[in-house]
1. So, in the range A:13-40, exactly how many residues are surrounded by 19 or more Cβ atoms within 10 Å (Cβ to Cβ), under 13 Å from residue B:60 (Cβ atoms) and facing chain B (nearest Cβ under 7 Å)?
2. Which one of the conditions (1) within 15 Å of residue B:128 (Cα to Cα); (2) more than 7 Å from chain A (Cβ to nearest Cβ) does residue B:71 fail to meet, given that it meets all the rest?
3. Name the residues in the range B:74-87 that are surrounded by fewer than 20 Cβ atoms within 10 Å (Cβ to Cβ), facing another protein chain (nearest Cβ under 7 Å) and farther than 15 Å from residue B:125 by Cα, would you?
4. Could you please find all residues in the range A:88-105 being in contact with a helix residue (DSSP H, G or I) (Cβ under 7 Å, 6 or more places away or on another chain) and surrounded by fewer than 21 Cβ atoms within 10 Å (Cβ to Cβ)?
5. Is it true that some residue in the range B:44-53 is under 22 Å from the mean Cα position of the chain (by Cα) and more than 8 Å from chain A (Cβ to nearest Cβ)?
6. Condition first: surrounded by fewer than 20 Cβ atoms within 10 Å (Cβ to Cβ) and either touching a strand residue (DSSP E or B) at 6+ places or on another chain (Cβ under 6 Å) or within 27 Å of residue A:66 (Cα to Cα) (or both). Now tell me which residues in the range A:116-128 satisfy that.
7. Would you mind telling me which numbered condition in (1) in contact with a helix residue (DSSP H, G or I) (Cβ under 7 Å, 6 or more places away or on another chain); (2) closer than 30 Å to residue A:60 by Cα; (3) buried (at least 23 other Cβ atoms within 10 Å of the Cβ) residue B:51 fails?
8. Would you be able to tell me the number of residues in the range A:1-12 that are buried (at least 16 other Cβ atoms within 10 Å of the Cβ) and more than 22 Å from residue B:86 (Cα to Cα)?
């Protein structure tokens, strides 16, 4: 079984830097919590993780299907529970993309494949949140 | 109920950039998957998120307890399942810290408070993984 390892070092105030396979990612929090807002918050980083995971699936699948696309982005909107520990319990993924109308069925297929089969981060989110998806086709 | 929103844009090859409250975080994958390994992978980013979340709790709690510490870091080692969707099913958090022997009980209390009460990311991980913790006191 493969193992992923990440080492994270405390800097100062509330800031930490994670070393992820040689790439540094800094995290911080807002002044309300003693931070300096110098970097993203750890919890919100999970939403980037979700978008990146499913986004890479979509690019890989559309490329395999020879679908030409542009202006691809993903919005994640997540509701946070009010009591500690505060978790994301409702998450909406909105895929925005520009492609030929004839290829819309292929985009829908790509999203289904990512959500139902390939995207591990989406599968992990489904263990604690209601995860919804929507596709918006740009003109 | 509060909402967290993150917008993530496709760059090129397999790279995406997430905008998290005004902070940009790039994600990429390895050449095996069509990427250029220019940035961390989305899935591993979740492990940084976990370390940052519980790490900030610990710093906040130790500060409140007036505990002096240094050399604080957190290692995350996560087993990945072999079949799609590949998820983290076993996760180990190792807290490393230098502090006075007399304060070790306070550090254990801080880890318990983070894991059992405050850290939302840890709570989310527990929905899909067996999450273990260990504290190593540095000389």
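1. 3
2. (1)
3. B:75, B:82, B:84, B:85
4. Listed by number, the list holds a single entry, A:99.
5. Looking for residues that are under 22 Å from the mean Cα position of the chain (by Cα) and more than 8 Å from chain A (Cβ to nearest Cβ), one finds none in the range B:44-53, hence no.
6. Of everything in the range A:116-128, those that are surrounded by fewer than 20 Cβ atoms within 10 Å (Cβ to Cβ) and either touching a strand residue (DSSP E or B) at 6+ places or on another chain (Cβ under 6 Å) or within 27 Å of residue A:66 (Cα to Cα) (or both) turn out to be A:116, A:117.
7. The number of the failed condition is (1).
8. 3
Each value in this text was obtained by applying a stated rule to the coordinates, not by laboratory testing. In this text the structure is predicted, and so the values were computed from the model without any measurement. No Cβ is skipped: glycine too gets one built from the backbone with ideal geometry, and neighbour counts run over all protein chains shown.
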